[in-house]
Amino acid sequence: MRLFLRVATLAFIVLGFSAQAMAAGPVKLSYSNFFPPTHVQSILAEEWCREVEARSNGQVVIDYYPAGTLTKPKDCYDGVVQRISDIGLSALGYTKGRFPVLSGVDLPMGYTSGVQATALANAVYEQFKPKEFDDVHVLYFHAHGPGKLHTAGKPVTSMEEIKGMKIRATGNSASVITALGGNPVAMSMPDSYQSIQKGVVNGGIYPVETNKGWKMGEVVDYLTDTTAVAYTTTFFVVINKDVWASLSPEAQQAMTEVSREWTPKHGQAWDDSDKEGLEFFLAQQGNAAVTLDPAEAERWTKAMEPIFGEYEAECAKVGADGKAVLEFMRANLK
C-alpha cells in the first residue's frame, strides 16, 4: 500500500508539471536578420527557425524578422545582448573592433569558396573560444565566398588605378582597400546600391553573389578577379545567454543539432549563389570581368602583409595571441 501511494504521488506530481508546461505553452522567441526575405541566406535562416520548432516538438516558436526590421545590422549583436531580439544574425564587420580575435577570419587569406571560409570560421571559434562572445550563446558562424573588387565607370587592373577611388568596404575589407591605395567607405549592404548608383562611392568589395542577391550587378560595370587577396565576411548566429539558459535540455539539443546541420548548408549556399551572381553580373549590358596579371597579383599580395601585423597587435590589446590564430588558419587552409 505504501509503495502504491508513493507511485501514485509521483505520478500526480509529474502530471501536474506536465499540465503546467502545457498550460504555459511554447516559448516564443524572436530572430533578427538583416538579409532581405528573398535572399538565400535569409531563406536558410527562416528554415532553421522552422526546423528548430519541429525538432523541439513545439516547445519553441520563433518569430522571424528579416531585412533589419527589428534591429539594424550594426545593432544586431547588442540587440541580442539587450534582448531586443532573442536570436540574431549579422556580420562581424559591421562593428569593427568589437570582435578582435574572430575578425581574423575576415582577413585577405586568399579564400576560394564559402564552404572553406565557413568551416574555418567555426574551427577558429572552437579552437580559441574568444571572450568577445562571452555575453551571448553562440549557435554557429558562416562566411561568404571570396570577396572581390567591383567598380563602376572604370576597370581596375593595378594598384595605381584604384588609388583615390572611394570603395564601399566594411571590417577587414576596409583595410584591404586602404592597403591598395583606395579610400574605404563603411556602409551596410542595404545602403550600398544607391550609393554606387549615385556616385557617392565608386564601387565595392564584396562576394560575387551580391551582384544578384542585392542587385549590385545593375550599378557596377567591372569585376576584378582578386582571388589572390580574397577576404571573407563572417556572420554570427547567436542567442541571448539568459534565454538559452531558460530553455529545456530538449530545446537546447534541437537548436544545437539543427545549427550543426545548417552550418555547411550556408557555406554551400554562398558558393551556389556566387555562380548565380556571376551569371547575373555578366548578363548586364556592358559589364565585364577582368583578371590581374600574375605579377600584379603578387604586388597585391605583398601589400596585404601589414594588415596581418595590425591584426596581431589588435589581438595583443585584449590579451589574445593573434599569431597563433593566423598560424592555425593558414594550416587549416592548406
With a probe of 1.4 Å, find how much accessible area the chain has per residue, and write the answer as a whole number in Å². 46
Looking at PRO155, VAL138, SER175, which one has the Cα that reaches farthest to the positive end of the dipole of region 134-181 (charges on Cβ: Lys, Arg +1; Asp, Glu -1)? PRO155
Stretched fully, the stretch from ALA289 through ASP272 gains (0.36 nm per residue minus C-alpha distance, one decimal, in nm) 4.3 nm
Whole-Hz Karplus ³J(HN,Hα) for region 143-160, in order, using 6.51 cos²θ - 1.76 cosθ + 1.60 and θ = phi - 60°, x for Gly and Pro? 8, 7, x, x, x, 10, 7, 10, 9, 10, x, 8, x, 10, 10, 8, 5, 5
Could you list the residues of region 305-334 with an amide nitrogen less than 18 Å from a label point located 7 Å from the Cα of ALA123 in the Cα-to-C-beta direction? 322-334
Go ahead and estimate [θ] at 222 nm for the chain from helices alone: -39,500 (n - 2.57) per DSSP H run with n ≥ 4, summed, over the residue count, rounded to 500. -15000 deg cm²/dmol
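What helices does the chain hold that run 27 Å or longer along their axis, going by alpha-carbon atoms, with a Kyte-Doolittle average of 0.0 or more, using DSSP H for the helix calls?
Numbers: long enough: 2-24 (33 Å, 1.51); 249-283 (50 Å, -1.04).
Span-like helices here: 2-24.
Students often check this: by mean Cβ neighbours within 10 Å, which of 186-197, 171-182 ranks highest, and how do the rest follow?
So the peptides 186-197, 171-182, ranked by packing, come out 171-182, 186-197.
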Restricting region 179-230 to trypsin sites (Lys or Arg not before Pro) in coil, as DSSP defines it, with at most 13 other Cβ within 10 Å: LYS198, LYS215
Answer label for Cα extents along the principal axes in Å (calculated), chosen among (1) 63, 47, 39; (2) 92, 44, 31; (3) 64, 53, 47: (2)
Using a 1.4 Å probe over the heavy atoms of the protein chains, calculate the carbon and sulfur portion of the accessible area of the chain as a whole percent. 55
Among the listed pairs LYS166/LYS212; LYS212/LYS323; LYS131/LYS166; LYS302/LYS334; LYS215/LYS241, which have their C-alpha atoms separated by more than 31 angstrom in this model? LYS212/LYS323; LYS131/LYS166; LYS215/LYS241
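The values are calculated or read from the model by the stated rules, or taken from the named source; none is laboratory data. None of the values given here were measured: they were computed from a predicted structure. Using ideal geometry, Cβ is built from the backbone for each residue, glycine included, and neighbour counts are taken over all protein chains shown. SASA here: full protein model, heavy atoms, side chains in, ligands and nucleic acids out. Shrake-Rupley method; radii C 1.70, N 1.55, O 1.52, S 1.80 Å.
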